[in-house]
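In what follows, a single structure is set out as structure tokens and then discussed.
Please treat every number below as a calculation from the coordinates, not as lab data. Model, not experiment: these values are computed from the prediction. Cβ atoms come from the backbone with ideal geometry, glycine included; neighbour counts cover every protein chain shown.
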Amino acid sequence: MKNMKNMKKRFLRALWAAALMAAAAANIHAQTTPDGLRYERNRQGGITITGYTGTAAAVVIPAAIEGKPVTAIGGWAFAHCTSLASVTIPTGVTAIGNHAFYDCSSLTSVTIPNSVTAIGD
């Protein structure tokens, strides 16, 4: 019985350690530009914009970050950015995820290039 309790404790500790390492690894790849664009490298070798923490009313997404092309706007990337009025998306972006501009109540202009071939809900 005592052995079983010790095994259970060791298992739970190992599980907790694995969860912490996975969470840390996930955050290693997420970064933020000086102007507040959160991004991650995607599987295709490009950059996906995953969020926005800035305060500017007009956002111009750069064509490249860290020398890698920006190729996607992730789901919910600009959600709840109520002061955001305009977004310019660069040529090279091919996809805009679901709800990328959800609840952007001040948004009046989004410039979408012809390279975009998929737009979510």
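Extension gain, I119-A64: 0.36 nm per intervening residue step, less the Cα-Cα distance, totals 17.8 nm. Placing a label point 7 Å from the Cα of E40 along the Cα-to-Cβ direction, the residues of the range 95-121 whose backbone N falls under 20 Å from that point are 95-102, 118-121. Antiparallel DSSP bridges in the range 33-119: what percent, to the nearest 5? Bridges in the range 33-119 are about 35 percent antiparallel. Modelled label positions at S109 and A56, each set 7 Å beyond Cα in the direction of Cβ, lie 1.4 nm from each other.
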